[in-house]
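Novice: Here it is: the structure, laid out below.
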Amino acid sequence: MTRKRTDKLLVVKIDSESSRRVPDDLVVEEPMSIRLDGHLVATTMRTPGHDYELAAGFCLTEGLLAGAPVQGVRYCADGSAVESNFNVVTVETGGRAPVPTPRLGTTTSSCGVCGTESIDVLVERLSPLPSDQLAAISNDLVLAIAGLVRPGQTLFDQTGAVHAAAAFDADGNVLVIREDVGRHNAVDKVVGRLLLDHSLPAHGLGLFVSSRASFEIVQKAWAAGFGTLVSVSAPTSLAVQTAKVAGMNLFGFVREGSAVRYSPA
């Protein structure tokens, strides 16, 4: 099912010479509850679309699967999908995943579940990335990737209100692009697509994000196996520390033909 991702609104556009009423596209933001084997694990504010990918990717990057394979993804939990307005998605492992602990509160579109885990906790469940299996992403490709992803950011062109994430290979092929009002959701949608395609861990790929590189984005990239993370904005200090522990190449401020490499430095 294709969900509506934008709403049309009549607004007043103002400039130095006049004001006039014009139509405007606004991105849709709705809550989506994610369940794992029937257990509620989180509610996130997201842009509808690629909901199965979002739910599967979230369960993977947050460590909820614990290695259990995803057997299926579906709308709804106990009632019909229509009754829940297609805003409840259940990931099924046949009970192989551990019973999850629900997260309190709603995951917002701005920050996701920032700060819920420390680096020490991540190290307990994630091993450093294998340096001999990671793709060699050239500096030229790092500088070019934003331009390669940009044509696929169609929802941003409409609304100017969403983030993008993309998986790409060492030859510069953009494999998956996803957009969402939440930058963490965009990443989970990319990871979820790769997971459902049996293409994880993503050791041979890089991850691009059209946002800052927060701790949460780095830990999600690590959980999926990306060896390189490229961000158009700045990383946080905790993100850099996490990338170094993971053995991940982290680039920020990738724009206008320049970039800053933070890890390894």
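Novice: Mind telling me which of the residues V191, V174 ends up being β-branched (V, I, T) and farther than 23 Å from G257 by Cα? Break it down into steps so the answer makes sense when it comes.
Specialist: Numbers: V174 fails: farther than 23 Å from G257 by Cα.
Going through V191, V174 in turn, just one is β-branched (V, I, T) and farther than 23 Å from G257 by Cα: V191.
Novice: Take the residues in region 150-173 that are exposed (fewer than 14 other Cβ atoms within 10 Å of the Cβ) and acidic (D, E); name whichever of them is nearest to K4 (Cα to Cα).
Specialist: D157
Novice: Within region 166-186, is even one residue at pLDDT 95 or above and under 20 Å from I119 (Cα atoms)?
Specialist: Yes.
Novice: Output the number of residues of region 249-265 satisfying the condition of being buried (at least 24 other Cβ atoms within 10 Å of the Cβ) and small (G, A, S).
Specialist: 0
Novice: Separate question: If I filter region 226-243 down to residues being part of a loop (DSSP other than H, G, I, E, B) and among the β-branched types (V, I, T), which single residue comes out as farthest from E216 (Cα to Cα)?
Specialist: Ranking the candidates gives V232 first.
Residues are listed down the side, and each one gets a yes or a no for (1) of a type in the set (A, V, I, L, M, F, W, C); (2) within 21 Å of G225 (Cβ to Cβ); (3) part of a strand (DSSP E or B); (4) touching a helix residue (DSSP H, G or I) at 6+ places or on another chain (Cβ under 6 Å):
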| site | (1), (2), (3), (4) |
| --- | --- |
| I145 | yes, yes, no, no |
| P151 | no, no, no, no |
| F156 | yes, no, no, no |
| I177 | yes, yes, yes, yes |
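Novice: Within the bounds of region 244-264, is there any residue that is closer than 29 Å to T43 by Cβ, outside any helix (DSSP H, G or I), out of contact with any Phe, Trp or Tyr (no Cβ under 6 Å at 6 or more places or on another chain) and without any contact (Cβ under 8 Å) to a residue 40 or more places away in the chain?
Specialist: Looking through region 244-264, none of the residues is closer than 29 Å to T43 by Cβ, outside any helix (DSSP H, G or I), out of contact with any Phe, Trp or Tyr (no Cβ under 6 Å at 6 or more places or on another chain) and without any contact (Cβ under 8 Å) to a residue 40 or more places away in the chain.
Novice: On to the next question. For the structure I just gave you, tell me whether G172 is over 15 Å from A56 (Cα atoms) and part of a loop (DSSP other than H, G, I, E, B).
Specialist: On the way: over 15 Å from A56 (Cα atoms): yes; part of a loop (DSSP other than H, G, I, E, B): yes.
It is true that G172 is over 15 Å from A56 (Cα atoms) and part of a loop (DSSP other than H, G, I, E, B).
Novice: Within region 212-248, which residues are among the small types (G, A, S) and surrounded by fewer than 20 Cβ atoms within 10 Å (Cβ to Cβ)? Give the steps one after another, and end with the answer.
Specialist: Let us first name the residues in region 212-248 that are among the small types (G, A, S), namely 213-214, 221, 223-225, 227, 231, 233-234, 237, 239, 243, 246-247.
S233, A234, S237, G247, listed by residue number.
Novice: So, one more: Please go through region 1-44 and pick out each residue that is touching a residue at least 24 places away in the same chain (Cβ under 8 Å) and outside any strand (DSSP E or B).
Specialist: Going residue by residue through region 1-44, those that are touching a residue at least 24 places away in the same chain (Cβ under 8 Å) are 1-6, 25-44.
Within region 1-44, M1, T2, R3, K4, R5, V28, E29, D37, G38 meet the criteria.
The values are calculated or read from the model by the stated rules, or taken from the named source; none is laboratory data. This structure is a prediction, so every number in the text was calculated from the model and none was measured. Here Cβ is always computed from backbone atoms with ideal geometry, including for glycine, and neighbour counts include all displayed protein chains.
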